[in-house]
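Chemist: Input: one structure, supplied below.
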Amino acid sequence: MGWYGTILVARPGGEWLPAYPGVREAFGSRFGGLHDLGEGWQRVVVVPFYRERPRHAAGVGQLAAATGAPVIVAAVSESWCARVDACTPDGLAIAVHLPNLRKACPYEHREGQPGPFVPRRVVAEFKAWAAAAGRSPDLAALAAALDADWPGSAPMQNRVLALFAALGFPPGREIPPLIDPHDDAFWAARQLAFQADVRAANRIAIMERGKIRGLARDLSPCELAYLRFSEQLEAAAYTGSPPRDELAAACEKLASRWNAEP
C-alpha cells in the first residue's frame with residue numbers, strides 16, 4: 001500500500017508550521033518530517049485524522065495572506081498521484097494534478113481533480129511563484145518534475161520533493177518533535193483513539209449524506225475523550241505544551257476512568 005499525506009511549504013515567521021494559526025484547520029492535525037529550509041521557510045508533512053476534512057485550495061490562499069509569503073501544498077494519494085495547490089499573497093493561484101491526466105483519476109480528490117495542463121504554461125506560472133518567494137528555480141528540473149513521463153516506479157512523494165527542489169528550496173534541516181506522539185507511554189491511548197477516529201470518520205461520512213444529525217449521537221463518552229486526547233497529544237508535538245509528564249498522567253487517568261467501557 002502506498003503513502004497518503006500532504007507536504008506543505010510556507011514561511012510562517014517565528015513559529016513552527018504545526019503551531020501556526022489556521023494550519024491544522026486547513027491541512028490536518030498530525031505532523032511529521034518538519035524541516036527548516038532557511039530564511040524562514042519550512043516544510044512539513046501533514047497526515048490528517050480520518051475525521052478531518054482538509055481544504056487545501058482555500059488553505060493555501062489564507063496562509064499566504066496571513067504570512068505575507070507564497071505557499072505550496074501537495075496532497076499525495078497512495079504514492080501514485082498528487083493534487084498540488086500554490087498561491088502568492090497577491091493572488092497568483094496554481095492548481096495541478098500530477099501526473100498530468102486527460103482522464104479521470106482513479107483516486108478521489110475532495111476538492112476535485114484539476115484538468116490537464118499545458119506544461120510550458122505551468123512552468124511559467126511556477127517560475128512566477130518562485131520569484132515571489134525569492135527563489136531561483138531550475139526550469140529544466142521544474143519541467144522534468146511536471147513531465148507526464150515521470151517514472152511510474154518512483155513514488156509521488158519523491159516527485160513532489162523534486163518539484164520543491166526545482167523551485168529553489170534546499171532539502172533543509174530536520175526539526176525533531178519536542179514530544180513524540182509515538183512514545184510508548186501513549187501507545188494504548190493512540191490505539192483507542194485510532195479506533196474512535198475511524199468510527200468518527202464513518203459517522204461524518206454518513207452525516208455528509210444527510211442520514212444523521214450529529215457526530216456525538218453514536219460515539220461514547222469514552223471515544224470522545226480519546227479523540228480529544230489525540231488532538232491534544234498531536235498539538236503538543238512541536239510546542240511542548242502540555243509537557244510529556246502531564247500528557248502521560250492524562251493518559252493514565254483516561255485508562256483508569258474508562259477501563260469499564262466496552
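The values are calculated or read from the model by the stated rules, or taken from the named source; none is laboratory data. These numbers come from a predicted model, not from an experiment. So basically every Cβ, Gly included, is an ideal-geometry build from the backbone, and we count neighbours across all protein chains shown. What goes into the accessible areas is simple: the full protein's heavy atoms, side chains included, and nothing from ligands, DNA or RNA. Shrake-Rupley method; radii C 1.70, N 1.55, O 1.52, S 1.80 Å.
Chemist: Out of all the residues in the range 4-34, which are open to solvent by 10 Å² or more (accessible area, probe 1.4 Å) and either within 18 Å of Pro181 (Cβ to Cβ) or hydroxyl-bearing (Ser, Thr, Tyr) (or both)?
Modeler: Listed by number, the residues that qualify are Tyr4, Trp16, Ala19, Tyr20, Arg24, Ser29, Arg30, Phe31, Gly32, Gly33.
Chemist: Phe169 fails exactly one of the following numbered conditions: (1) in contact with an Asp or Glu (Cβ under 9 Å, 6 or more places away or on another chain); (2) open to solvent by less than 20 Å² (accessible area, probe 1.4 Å). What is the number of that condition?
Modeler: (1)
Chemist: Please work out which one of (1) in contact with a Gly (Cβ under 8 Å, 6 or more places away or on another chain); (2) modelled with pLDDT of 95 or more is the condition Glu78 fails and give its number.
Modeler: (2)
Chemist: Condition check: in a helix (DSSP H, G or I), closer than 15 Å to Cys81 by Cβ and more than 20 Å from the chain's Cα centre (by Cα). Does Ala154 satisfy that?
Modeler: The answer is no for Ala154.
Chemist: State the number of residues belonging to the range 23-56 that are closer than 20 Å to Ile175 by Cβ and not in a helix (DSSP H, G or I).
Modeler: Looking only at that region, the number is 20.
Chemist: Whether any residue in the range 64-78 is under 21 Å from Phe126 (Cβ atoms), of a type outside the set (Asp, Glu), part of a helix (DSSP H, G or I) and out of contact with any Ser or Thr (no Cβ under 7 Å at 6 or more places or on another chain) is what I want to check.
Modeler: Yes, the range 64-78 has at least one match.
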